[in-house]
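Engineer: Quick one: the structure is below, and I'll ask about it shortly.
The values are calculated or read from the model by the stated rules, or taken from the named source; none is laboratory data. Source: prediction; values computed, not measured. Positions of Cβ are backbone-derived with ideal geometry, glycine not excepted, and every protein chain shown enters the neighbour counts. Note: accessible area is taken over every heavy atom of the protein model, side chains too, but ligands, DNA and RNA are not part of it. Shrake-Rupley method; radii C 1.70, N 1.55, O 1.52, S 1.80 Å.
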Amino acid sequence: MTLTRCYCINLRNAAAAVSDIYDSYLKPFGLTVRQYSLLTCLGQIGEASTTYLADYVSLDRTSVVRLIKPLLERGLIEDLAESGKRDRRLHLSEKGIDLLEQAKTEYKKAHHEIENKLGKENLTSIMNMLEVL
């Protein structure tokens, strides 16, 4: 990765590079790292509206709606809301739970690849710096 003088571009490029690593490991499961994280968070919450889930994962509601659409279509997430209701009641399905369990090993491999490339101490420093933002 070639660095520029712009912090924003460098951070975006670094985030894209990290996402690409995770995405390559999760591809056999038909998931991106954003979808995997969303499923994991929904599993932790149990049940949530789209708005609550968006707040929980610090994304805008529109991004969450876009991310959950294919997950709903695949049956990884269920909408427990009554038919005709505007807001959803999202819940991780059994199929979603099973897929997360299968994908967990590959997610951890991606995590270790990043640790190996950057080093645990450097990652700890990076995470500490990001908390300031």
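Engineer: Taking the residues in the stretch 84-96 that are at pLDDT below 95 and open to solvent by 90 Å² or more (accessible area, probe 1.4 Å) as candidates, determine which candidate is nearest to G46 (Cα to Cα).
Structural biologist: Among those residues, the one meeting the criterion is R89.
Engineer: Then there's this: Only one residue in E47, E73 is among the acidic types (D, E) and either closer than 19 Å to E115 by Cα or open to solvent by less than 90 Å² (accessible area, probe 1.4 Å) (or both), so which one is that? Let's see the steps before the verdict.
Structural biologist: On the way: E73 fails: either closer than 19 Å to E115 by Cα or open to solvent by less than 90 Å² (accessible area, probe 1.4 Å) (or both).
That would be E47, the only listed residue that is among the acidic types (D, E) and either closer than 19 Å to E115 by Cα or open to solvent by less than 90 Å² (accessible area, probe 1.4 Å) (or both).
Engineer: Additional query: When the residues of the stretch 10-44 are narrowed to those that are open to solvent by 80 Å² or more (accessible area, probe 1.4 Å) and farther than 21 Å from E78 by Cα, which ends up farthest from the chain's Cα centre (by Cα)? Talk me through it step by step, then tell me what you get.
Structural biologist: Residues of the stretch 10-44 that are open to solvent by 80 Å² or more (accessible area, probe 1.4 Å), as a first pass: 11-12, 20, 27-28, 34, 44.
Checking the rest, the ones that are also farther than 21 Å from E78 by Cα come to 11-12, 20, 27-28.
Numbers: L11: 18, R12: 16, D20: 12, K27: 13, P28: 16 Å.
Looking at the filtered set, the residue picked out is L11.
Engineer: Additional query: Any idea which of (1) out of contact with any Lys or Arg (no Cβ under 6 Å at 6 or more places or on another chain); (2) in contact (Cβ under 8 Å) with a residue 12 or more places away in the chain; (3) of a type outside the set (A, V, I, L, M, F, W, C) is the one T50 doesn't satisfy?
Structural biologist: It is condition (1) that T50 fails.
Engineer: Going by the conditions given, is A81 open to solvent by less than 40 Å² (accessible area, probe 1.4 Å) and out of contact with any Phe, Trp or Tyr (no Cβ under 6 Å at 6 or more places or on another chain)?
Structural biologist: Yes; evaluated as a whole, the condition is true for this residue.
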